[in-house]
Each structure stands twice: as C-alpha cells, then as structure tokens.
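Below: one structure, written as structure tokens.
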Amino acid sequence: MTNSMATNASVTDHTLPQQMQQHTYSIMYQVEGSHWWFAGRRRIIASFLKRICADLRDKPRILDVGCGTGANLELLDEFGQAEGVDVSPDALAFCRQRGLERVHLGEAEKLPYPDRSFDLVTALDVVEHLDDDVAGLKEMHRVLRRGGRALLFVPAFKFLWGVQDDVSNHRRRYTRKQLKETLRAAGFEIERVTYANITFFFPILMGRLLMRLTGFRPASENNLTVGVLNKPLGIILGSEAGLLRRLNLPFGVSAICVARRSE
C-alpha cells in the first residue's frame, strides 16, 4: 500500500482484483431490486440525495463510481442525469440489460472523465475495494465541479468482517475517524459522517461470529434471507432514513459520508 490512511483502515491483500468475484454479479443482479439489504439501503441513500441535490443546480450531472449491476443508477436517475463507471465488464453488461447505456469501463483511480465534469459523485460500497483509497478519492475530487458533493457509503468496523467482504474482495472496513482522515487526505471538506444500519448491527455481528465458528461459507451473504421476512426487513432498515435526518448514529454496520470539493 502506498498511503498510510489506507493502511490504518486495516487493508487486506493488495493483490486482490478490484472487482467482486465473478459469480457475485449475477447474484447481485437477481436480488438487488428486492433484497431487504439493498432496498433498505436505497431508502437511506435517497434521503441523503434529496438534501444534497437541494443545494445543487436543477438536473445535476451525477457519476456513480463502481456502479455495479445498475440498481443504484436507476435511483440516481431520479435526481439528475446519472452516469456510471465500473472496472468490471460483467457489471456493465448487467447495467445494459436494465437499459442503462450511460455506463463506461474504467478504474476509480483513473476516471475516464475531464476535470470538473460532475455536480455529484457517489461511491456506494466502493472505496473499500481500492488498493489506494486516497488515490481513488482524489480522482473523484478532480471530476467534481466547484461546490460539488461526494456521497460515500462504506462497510464499518473490521470486527464485522464476513463472507461478503471476502467474496466482494474488500480491502478494509472503516471507522468514522478513518473515513474522515482518508477524505481529508484526498482534499475534501467533510460535511457529515455517520454510521448507518444500527438496527441489524447485533444480529449481523452474531451471524458472522457464528459463521466463523462453524465454518459455514455461503456463495454470497446476499443469498441469506427468508422470503416472507424480506419486505418487512427492508422497511425496517429503510426507516432509519427518518432517524438519520435528525441525528448521527454512534455505531452501525455501515458508514455514510457527505463531502464537498474544496478549492
């Protein structure tokens, strides 16, 4: 690793590919629209997008870095003109199956866009994949216009490491402090950092501890859900959006950051 911020965030093997293991893209494409985790997370993200976009011009130009199979791009399109970039050709193929054509192949550390092209850049469970997270964030800073915002969603706390981190080829999970330090090293001004998904923090912690003890390793944790409970669980997680409008959470499975391009 080339930067101390990334090292402090508990980096794993830097020889891992940035993209997730290939089989996880088809699973994600199949479940991303309905799985409780993705559905609840989108409600939380949407609540942040409403407040961010209220400060930006009408129909802001939005870049989703690490757009994956495209469900978040469909959400972002409700707030502006959204484009996506991903390092995986498989992910982009799934985006195009959704009818999303404004997607491009590229690395976060070498974004294929000119300086100051976007009003908002999102990286939703992405920077934990990067060998050099500061370099990737500097690129996001570069393509933002003056006063533009970055919205990040990342996994929190190294002790929550699980199968999904392995199959997703994560390098790290962040604390609030580590996330703020990394963004500042990339030149951003921090507006807000909070944890999210406090609701399922202890069930997920216990589930991952149990998987470690038993050696149980599913192909993806996204496969682990009970059909009849899926929709209620998504509603419960998504309801944190109301809580997050009023306060920052002291801990959670994930962390969210809003940052501004500072000159």
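Taking only DSSP H segments of four or more residues, each worth -39500 (n - 2.57), what value at 222 nm results for the chain once the sum is divided by all its residues, to the nearest 500 deg cm²/dmol?
Details: 11 runs with 104 residues, N = 263.
Dividing the helical sum by the residues of the chain leaves -11500 deg cm²/dmol.
In order along segment 66-81, the phi-based Karplus estimate (6.51 cos²θ - 1.76 cosθ + 1.60, θ = phi - 60°) of 3J(HN,Hα) comes to x, 6, x, 8, x, 5, 5, 4, 4, 5, 4, 4, 6, 10, x, 9 Hz; Gly and Pro are listed as x. Between the helical axis of 201-214 and the longest alpha-carbon principal axis of the chain there is an angle of about 60 degrees.
Say R0 is 51 Å: what FRET efficiency, to the nearest 0.05, do K110 and L247 get from their beta-carbon distance?
On the way: r = 38 Å, r/R0 = 0.74.
Efficiency at R0 = 51 Å is approximately 0.85.
Highest mean packing comes first when the peptides 163-169, 245-251 are listed by Cβ atoms within 10 Å, giving 163-169, 245-251. With a Cα cut-off of under 15 Å and a minimum spacing of 8 residues unless on different chains, the lysine pairs in the chain number 4. Summarise the accessible area of the chain (1.4 Å probe, protein heavy atoms) by the percent that is carbon and sulfur. In the chain, the share of accessible area belonging to carbon and sulfur is 56 percent. Only one residue of L100, M211, F188 has its Cα farthest out toward the positive end of the dipole of the chain, where Lys and Arg carry +1 and Asp and Glu -1 on Cβ, and that residue is F188. Note on the chain: Rg/Rh from Cα positions, Kirkwood definition for Rh, rounded to two decimals, is 0.93.
The spread of Cα positions in segment 71-191, taken along each principal axis and listed from longest to shortest, comes to 38, 36, 25 Å. Compute the long axis of helix 176-185 from its Cα atoms, compare it with the longest principal axis of the Cα atoms of the chain, and write down the angle in degrees, 0 to 90, nearest 10. For helix 176-185, the angle is close to 30 degrees. Label separation (R102 vs D55): 2.2 nm, computed from points 7 Å beyond Cα along the C-beta direction. The phi torsions of segment 136-148, fed into the Karplus equation with coefficients 6.51, -1.76 and 1.60 and a -60° offset, translate into couplings of x, 5, 5, 5, 5, 4, 4, 7, 7, 6, 4, x, x Hz, rounded to whole numbers, with Gly and Pro shown as x.
So for segment 90-221: antiparallel DSSP bridges make up what percent, rounded to the nearest 5? It would help to have the intermediate numbers written out before the result.
Working: 1 of 8 bridges.
If we restrict to bridges inside segment 90-221, about 10 percent are antiparallel.
Once the chain from K231 to E74 is taken as fully extended at 0.36 nm per residue, the excess over their C-alpha distance is 54.6 nm. Rolling a 1.4 Å probe over the protein heavy atoms gives the chain an accessible area of 43 Å² per residue.
The values are calculated or read from the model by the stated rules, or taken from the named source; none is laboratory data. Since the model is a prediction, treat every value here as computed from it, not as a measurement. Every residue, glycine among them, receives a Cβ derived from its backbone with ideal geometry; neighbour counts consider all protein chains shown. Calculation scope for accessible area: heavy atoms of the full protein, side chains included, ligands and nucleic acids excluded. Shrake-Rupley method; radii C 1.70, N 1.55, O 1.52, S 1.80 Å.
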